[in-house]
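Following: one structure in C-alpha coordinates, then a few remarks.
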Amino acid sequence: MKLIINSELKNKCGHGMSEYWFSYKDYAVRNIRNLPTADKPDDMEQTEYFVSIGIIPFASVSNEEIMRAFIAKKNNKKLNSVFDKLDGDAFVDSFWKYYNAFYEFRDGFEDFQNQYINTRISHWCEENGIDYSFE
(Lines give C-alpha, C1' and ligand atoms only; values in the text may rest on other atoms or scores of the structure.)
Protein backbone atom coordinates (compact mmCIF):
# COMPACT_ATOMS: atom_id res chain seq x y z
CA MET A 1 0.00 0.00 0.00
CA LYS A 2 1.18 3.55 -0.78
CA LEU A 3 0.17 6.99 0.32
CA ILE A 4 -0.56 8.98 -2.82
CA ILE A 5 0.62 12.55 -2.54
CA ASN A 6 -1.69 14.74 -4.58
CA SER A 7 -3.23 18.20 -4.27
CA GLU A 8 -6.04 16.97 -2.00
CA LEU A 9 -3.56 15.40 0.42
CA LYS A 10 -1.31 18.48 0.34
CA ASN A 11 -4.26 20.62 1.41
CA LYS A 12 -4.60 18.47 4.52
CA CYS A 13 -1.18 19.49 5.82
CA GLY A 14 -1.70 23.20 5.40
CA HIS A 15 -2.23 25.96 7.89
CA GLY A 16 -0.12 24.34 10.60
CA MET A 17 -3.15 22.61 12.10
CA SER A 18 -2.94 19.07 13.39
CA GLU A 19 -6.51 18.19 12.60
CA TYR A 20 -5.60 15.48 10.09
CA TRP A 21 -4.32 12.08 11.12
CA PHE A 22 -2.89 9.14 9.14
CA SER A 23 -3.96 5.52 9.58
CA TYR A 24 -1.41 2.76 8.98
CA LYS A 25 -4.33 0.36 8.58
CA ASP A 26 -5.72 1.82 5.36
CA TYR A 27 -3.22 4.60 4.49
CA ALA A 28 -5.98 7.18 4.71
CA VAL A 29 -5.68 10.70 6.10
CA ARG A 30 -8.78 11.82 7.94
CA ASN A 31 -9.96 14.70 10.05
CA ILE A 32 -9.57 13.90 13.74
CA ARG A 33 -13.27 14.63 14.23
CA ASN A 34 -14.12 11.67 11.99
CA LEU A 35 -11.96 9.11 13.79
CA PRO A 36 -13.58 6.40 15.89
CA THR A 37 -13.38 6.80 19.66
CA ALA A 38 -16.12 4.41 20.84
CA ASP A 39 -13.57 1.76 21.90
CA LYS A 40 -11.26 4.19 23.72
CA PRO A 41 -10.76 3.19 27.34
CA ASP A 42 -11.91 5.83 29.82
CA ASP A 43 -8.48 6.05 31.44
CA MET A 44 -6.66 6.75 28.14
CA GLU A 45 -6.09 10.11 26.46
CA GLN A 46 -7.41 10.46 22.92
CA THR A 47 -3.96 10.94 21.36
CA GLU A 48 -2.57 7.94 23.22
CA TYR A 49 -5.52 5.86 22.02
CA PHE A 50 -5.10 6.86 18.37
CA VAL A 51 -1.38 6.05 18.43
CA SER A 52 -2.13 2.70 20.08
CA ILE A 53 -4.39 1.73 17.17
CA GLY A 54 -1.96 2.90 14.48
CA ILE A 55 -3.21 6.42 13.81
CA ILE A 56 -0.65 9.24 13.92
CA PRO A 57 -0.78 13.00 13.32
CA PHE A 58 -0.28 13.88 9.66
CA ALA A 59 2.41 16.31 8.53
CA SER A 60 1.55 19.89 9.40
CA VAL A 61 2.99 22.94 7.65
CA SER A 62 1.95 26.49 8.49
CA ASN A 63 1.65 29.26 5.94
CA GLU A 64 4.14 31.27 7.96
CA GLU A 65 6.67 28.43 7.80
CA ILE A 66 6.45 28.31 4.00
CA MET A 67 6.64 32.08 3.72
CA ARG A 68 9.70 32.26 5.99
CA ALA A 69 11.45 29.58 3.96
CA PHE A 70 10.63 31.44 0.74
CA ILE A 71 12.08 34.68 2.09
CA ALA A 72 15.17 32.85 3.37
CA LYS A 73 15.67 31.34 -0.09
CA LYS A 74 15.62 34.81 -1.64
CA ASN A 75 18.57 35.72 0.62
CA ASN A 76 17.84 39.45 0.36
CA LYS A 77 19.17 41.63 3.20
CA LYS A 78 16.42 44.25 2.82
CA LEU A 79 13.67 41.62 2.98
CA ASN A 80 15.35 39.88 5.89
CA SER A 81 15.57 43.13 7.85
CA VAL A 82 11.83 43.75 7.35
CA PHE A 83 10.57 40.23 8.02
CA ASP A 84 12.97 39.19 10.81
CA LYS A 85 11.21 41.65 13.12
CA LEU A 86 7.74 40.20 12.51
CA ASP A 87 5.87 37.17 13.84
CA GLY A 88 2.47 35.57 13.44
CA ASP A 89 -0.28 37.60 11.81
CA ALA A 90 1.94 40.65 11.36
CA PHE A 91 4.40 38.53 9.41
CA VAL A 92 1.72 36.93 7.23
CA ASP A 93 -0.02 40.27 6.57
CA SER A 94 3.27 41.89 5.54
CA PHE A 95 4.15 38.94 3.33
CA TRP A 96 0.88 39.30 1.39
CA LYS A 97 1.36 43.06 1.07
CA TYR A 98 4.77 42.51 -0.52
CA TYR A 99 3.39 39.64 -2.59
CA ASN A 100 0.61 41.81 -4.04
CA ALA A 101 2.76 44.90 -4.55
CA PHE A 102 5.95 43.48 -6.10
CA TYR A 103 6.12 40.98 -8.94
CA GLU A 104 9.82 40.36 -8.19
CA PHE A 105 8.89 39.32 -4.68
CA ARG A 106 6.17 36.85 -5.62
CA ASP A 107 7.95 35.43 -8.66
CA GLY A 108 8.38 31.70 -8.08
CA PHE A 109 6.33 31.50 -4.87
CA GLU A 110 3.72 29.05 -6.19
CA ASP A 111 6.38 26.59 -7.38
CA PHE A 112 8.37 27.03 -4.17
CA GLN A 113 5.29 26.41 -2.02
CA ASN A 114 4.42 23.24 -3.94
CA GLN A 115 7.96 21.88 -3.71
CA TYR A 116 8.25 22.79 -0.03
CA ILE A 117 5.10 20.90 0.86
CA ASN A 118 6.15 17.92 -1.29
CA THR A 119 9.46 17.79 0.55
CA ARG A 120 7.86 18.08 3.99
CA ILE A 121 5.34 15.31 3.28
CA SER A 122 7.96 13.00 1.78
CA HIS A 123 10.25 13.53 4.80
CA TRP A 124 7.31 12.88 7.13
CA CYS A 125 6.57 9.64 5.26
CA GLU A 126 10.19 8.51 5.47
CA GLU A 127 10.39 9.33 9.20
CA ASN A 128 7.27 7.25 9.84
CA GLY A 129 8.06 4.31 7.54
CA ILE A 130 5.24 5.10 5.11
CA ASP A 131 5.56 4.10 1.47
CA TYR A 132 4.46 6.93 -0.82
CA SER A 133 4.36 8.18 -4.38
CA PHE A 134 3.47 11.43 -6.09
CA GLU A 135 0.46 11.65 -8.36
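The residue among ALA38, LEU3, ALA69 whose Cα reaches farthest toward the positive pole of the charge dipole of segment 1-85, with charges on the beta-carbon of Lys, Arg, Asp and Glu, is ALA69. Counting protein heavy atoms only, segment 3-53 has 46 percent of its accessible area on carbon and sulfur, 1.4 angstrom probe.
In this Cβ point-charge picture (+1 for Lys and Arg, -1 for Asp and Glu), the chain has a dipole of about 560 debye about its Cα centre. Listed options for Rg and Dmax of the Cα atoms in Å are (i) 18.0, 56; (ii) 14.0, 47; (iii) 18.0, 53. The value calculated from this structure is the one marked (i).
Peptides 30-41, 119-130, 81-92 ranked from most to least packed, by the mean per-residue count of other Cβ atoms within 10 Å: 119-130, 81-92, 30-41. Between segment 6-36 and segment 40-107, the C-alpha centres lie 17 angstrom from each other.
Each label was represented as a point 7 Å from its Cα along the Cα-to-Cβ direction; for TYR103 and LYS2 these points are 3.9 nm apart. The HN-Hα couplings worked out from phi for segment 20-25 by the Karplus form 6.51 cos²θ - 1.76 cosθ + 1.60 (θ = phi - 60°) are 9, 10, 9, 10, 5, 5 Hz, whole numbers, x standing for Gly and Pro. For ILE5, nonlocal amide neighbours, meaning residues 5 or more places apart or on other chains whose placed amide H falls under 5 Å from its own, are SER133, PHE134, GLU135. Listed by chain and number, the aspartates and glutamates whose C-alpha is less than 13 Å from the C-alpha of LYS97, apart from same-chain residues fewer than 8 away, are ASP89. Note on segment 67-135: with neighbouring protein chains present and a 1.4 Å probe, carbon and sulfur make up 47 percent of its accessible heavy-atom surface. Separation of the alpha carbons by more than 32 angstrom is noted, of LYS2/LYS85; LYS12/LYS40; LYS2/LYS74; LYS2/LYS77, for LYS2/LYS85; LYS2/LYS74; LYS2/LYS77.
Over the chain, accessible surface divided per residue gives 64 Å², non-protein components excluded, 1.4 Å probe.
The values are calculated or read from the model by the stated rules, or taken from the named source; none is laboratory data. Because the structure is a prediction, the values reported are computed rather than measured. When we count neighbours, we look across all protein chains shown, and the Cβ atoms used for this are built from the backbone with ideal geometry, even at glycine. We work out accessible area using only protein heavy atoms, side chains counted, and drop any ligands, DNA or RNA first. Shrake-Rupley method; radii C 1.70, N 1.55, O 1.52, S 1.80 Å.
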